[in-house]
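A short write-up of the structure that comes next.
The values are calculated or read from the model by the stated rules, or taken from the named source; none is laboratory data. Remember, it's a predicted structure, so these values are computed and weren't measured experimentally. Note that we place each Cβ from the backbone using ideal geometry, even for glycine, and neighbour counts take in every protein chain shown. These accessible areas exclude ligands, DNA and RNA; they are computed on the full protein's heavy atoms, side chains included. Shrake-Rupley method; radii C 1.70, N 1.55, O 1.52, S 1.80 Å.
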Amino acid sequence: MQSSPKKPQGKHSSAKGKRFDSKENTTNQRRKTSSGKENFSSDKKKATTGREKAPYKKEKTSYNKEKSAEYSPTTRAPYKRNTPKPNATDQSKGIRLNKYIANAGICARREADRYIAAGNVEVNGKPMTELGYRVQPTDVVKFDGKNISAEKKEYILLNKPKGFITTTQDEKGRKTVMDLVAGAAEGNIKPVGRLDRLTTGLLLLTNDGDLMKKLTHPSHGVRKIYHVILDKKLALADFHKIQEGLTLEDGFIQVDDINFVDGAPHNEIGVKIHSGRNRIVRRIFESLGYVVEKLDRVVFAGLTKKDLPRGHWRTLTAQEIINLKNLSL
């Protein structure tokens, strides 16, 4: 008699059965989905967590005034980035010497350090070789024996009207040319030379001490042109006397040039002169018996009144400044 065949046993047979069951279950699940797409996400979450995840609920936190005071901006230490740099320039403590020299237009800061170390700079009459020295407002700084200033150089050209005196201030309270240029410059500008109260025309104001000295010193003799209107016609004989030169109470004086104004009566004269004596043009004509009714300075050191109405001012252009500094007198 033949024995009935034995069922295969072992892990292979059970594994095979599991694979079959798994496949069958998967097929059933696919059939149950109405969209025909596989979607195991919900079942997978349930299988892994065992329960559904509760929705996130934000908890309210109460404001603790006492605790927050510990972190108040008034009590916490400042950030390092807000701490001022130790080398930052503090104007109340002066300005570094190399920057002072650079601001004066001598050279760059790095080059200034070399000049300081070499002893080219004096402060209050003594050589200063300390690179970190800070210049105070009361200090007198010299470079190669000449006074320098860190103030920005400014140049203002004014067409002065009649009735203003040429001074920085007046004890009698009269109107000065400084009233006309108020706000024109940041520095302490001063008039270059003088125009009397009744004289009109060009007046330069600046804080450039070297240029001011150059334009006003008698030995330098800056040339100026005046438009003169007399109370009567200038006689030809007096015209020649002025050409040849006159002796006044303060010495001999001779103009550089004199001419009648083209197309005008002979009481209008153009005078070119380089002397800086007080009221010199008026005194020349007064010495010959004439009264100067109007005196207008139309040219000063090569500068003209073009596009500058009476009572107005303007800053000089860079080229005009160069021309003044290179002016051959």
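Things worth noting here:
Residues are listed down the side, and each one gets a yes or a no for (1) open to solvent by less than 10 Å² (accessible area, probe 1.4 Å); (2) closer than 28 Å to GLY270 by Cβ:
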{"site": "LYS172", "(1), (2)": "no, no"}
{"site": "LEU180", "(1), (2)": "no, yes"}
{"site": "LYS190", "(1), (2)": "no, no"}
{"site": "ARG194", "(1), (2)": "no, yes"}
{"site": "LEU203", "(1), (2)": "yes, yes"}
{"site": "GLY209", "(1), (2)": "no, no"}
{"site": "VAL222", "(1), (2)": "yes, yes"}
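- The number of residues in the range 102-112 that are more than 17 Å from the chain's Cα centre (by Cα) and open to solvent by less than 40 Å² (accessible area, probe 1.4 Å) comes to 2.
- The condition (being small (Gly, Ala, Ser), open to solvent by 60 Å² or more (accessible area, probe 1.4 Å) and either farther than 25 Å from LEU157 by Cα or in contact with a helix residue (DSSP H, G or I) (Cβ under 8 Å, 6 or more places away or on another chain) (or both)) is satisfied by just one residue among GLY276, GLY245: GLY276.
Table: residues versus (1) in a strand (DSSP E or B); (2) surrounded by fewer than 18 Cβ atoms within 10 Å (Cβ to Cβ).
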position	(1), (2)
THR129	no, yes
GLY132	no, yes
ASP139	no, yes
LYS142	yes, yes
ALA150	no, yes
ASN159	yes, no
GLY163	no, yes
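- Residue list for the range 227-240, filter: assigned to a strand (DSSP E or B) and open to solvent by less than 20 Å² (accessible area, probe 1.4 Å): VAL228, LEU230
- Top-ranked residue in the range 118-127 [being out of contact with any Pro (no Cβ under 6 Å at 6 or more places or on another chain) and part of a loop (DSSP other than H, G, I, E, B); ranked as most open to solvent (accessible area, probe 1.4 Å)]: ASN124
- Top-ranked residue in the range 241-266 [being assigned to a loop (DSSP other than H, G, I, E, B) and either within 48 Å of the chain's Cα centre (by Cα) or of a type in the set (Phe, Trp, Tyr) (or both); ranked as nearest to ALA301 (Cα to Cα)]: ASP256
- Filtered residue count, the range 165-212, keeping only those that are closer than 27 Å to GLY145 by Cβ and part of a loop (DSSP other than H, G, I, E, B): 7
- Residue among ASP257, ASP307 that alone is more than 28 Å from PRO218 (Cβ to Cβ) and open to solvent by 30 Å² or more (accessible area, probe 1.4 Å): ASP307
- The condition of being surrounded by 15 or more Cβ atoms within 10 Å (Cβ to Cβ), at pLDDT 95 or above, in contact with a helix residue (DSSP H, G or I) (Cβ under 7 Å, 6 or more places away or on another chain) and of a type in the set (Val, Ile, Thr) does not hold for VAL299.
- Residues being assigned to a loop (DSSP other than H, G, I, E, B) and at negative phi - total across the range 272-295: 9
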